[in-house]
Amino acid sequence: MADSLVHVTSKAQFDDLLNSSRIVVVDFEVASWQGIVMVPQKNLLESSLTPSPILVYADWCAPCKQIAPVYASLSEQISRPGLLTFAKVDNDKNQDIVQEYSVSVLPTFLLFRSGKVIHKVQGANPTELKAVIEKLASELESLAEGSGSGGEWKGAEIPRGYSDITDEVEPKGCELLNADDDAGPVKVLFQNSKPSALSPGAPAAKDWVQSGSDDQLLLFIPFQSTIKLHTLQITSFPPEGDSDVSRPGVIHLFINRTSNMDFGEAEDAEPTQAVTLEPKDWNSDGTASISLRFVKFQKTTTLTIFVQKGDGEAETVRIDRIKLIGEAGTKRDMGKLQKLDDEE
């Protein structure tokens, strides 16, 4: 079991770990303590036993010992390279990390997503620790459904200082209007695998979405936390020689709606940001990076993407992948979003 745990020995290693794994669970503890204890010794002057201070090593963190097997077992069962990593930090040897994250109780477990703390468990509370970690693992599995093979794929460079937070999407809450039933389901948009259109000769896979009756699409995306959205990356590969399918041309973005809009409402409402894409905006991997007005997207709980029209005169529009770049925040209660939707 120990092989599945990363033992942190420096601040640099810790920072690299946060950058290399989407979710990191860190156990802050200490195995032994060097300190002063009072041990009876013979006093030569009084010919009796008196307490005297002696420097010794003593195992002292009983709660750490209690929960260690639970933590090791979770690590062994559900860690996933690059996605969910378990680590241990020795408080005595890594005071710079301890001070940075204000760890004052042992043991303390911090859960990081995209380098940001999203949850803290203090003390030996195996029930809470297991529940939180297993929920995160379940969310990763949900996002990975249908992701296919080929490993993680990047359609464009990520702006310096920000992270890919596409895993903040709540796939089960997404809704796509005017979708062609012959294309793929909405969840394929958030896969991290290489689009099949970039692999000629590979088995055909419907890993894209396409509009049905015209060149408009309405996509509603709820998030698992309140995010700061910096960049929207859209990948689109219309089939060569097919003039009836195009890339998105004009896009309107709306934030913090409690449910999807209809097309009439989307046409009439003032967008948070309107975007017009030109041929030069698409790179060789078919991806356009849309820089957002960051100040307007600081507290984003949902994103609605309205493809108002395609590029050119094509009858339909296609999207292969969507990536969201920014900063994740504290996880919110998705039940509240559902309750608002029900009331409406």
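The values are calculated or read from the model by the stated rules, or taken from the named source; none is laboratory data. Not measured: the values here are computed from a predicted model. What goes into the accessible areas is simple: the full protein's heavy atoms, side chains included, and nothing from ligands, DNA or RNA. Shrake-Rupley method; radii C 1.70, N 1.55, O 1.52, S 1.80 Å.
Using a 1.4 Å probe on the protein heavy atoms only, what accessible surface does Ile158 show? Give it in Å² to the nearest 10.
It works out to around 50 Å².
Tell me which lysines have Cα within less than 17 Å of Lys135's Cα, excluding those fewer than 8 residues away on the same chain?
Answer for Lys135, where 17 Å is the Cα cut-off: Lys120, Lys172, Lys331, listed by chain and number.
Over 19 Å between C-alpha atoms is what I'm after, so list which of Lys88/Lys130; Lys228/Lys323; Lys154/Lys194; Lys11/Lys228; Lys228/Lys280 land there.
Lys11/Lys228; Lys228/Lys280
In the full protein assembly as shown, how much of Thr127 is accessible to a 1.4 Å probe, in Å² to the nearest 10?
110
Taking all protein chains together and a probe of 1.4 Å, list Arg113, Arg247 from the most accessible to the least accessible.
Arg247, Arg113
Would you list Lys93, Lys65, Lys88 from the most to the least accessible area, probe 1.4 Å?
Numbers: Lys93 160, Lys65 120, Lys88 30 Å².
From most exposed to least exposed: Lys93, Lys65, Lys88.
Ranked from the most accessible area to the least, with a 1.4 Å probe and all protein chains present, what is the order of Asp268, Asp27, Asp90?
Descending order: Asp268, Asp90, Asp27.
How much accessible area does Thr226 have with a 1.4 Å probe, in Å² rounded to the nearest 10?
Near enough 50 Å² of accessible area.
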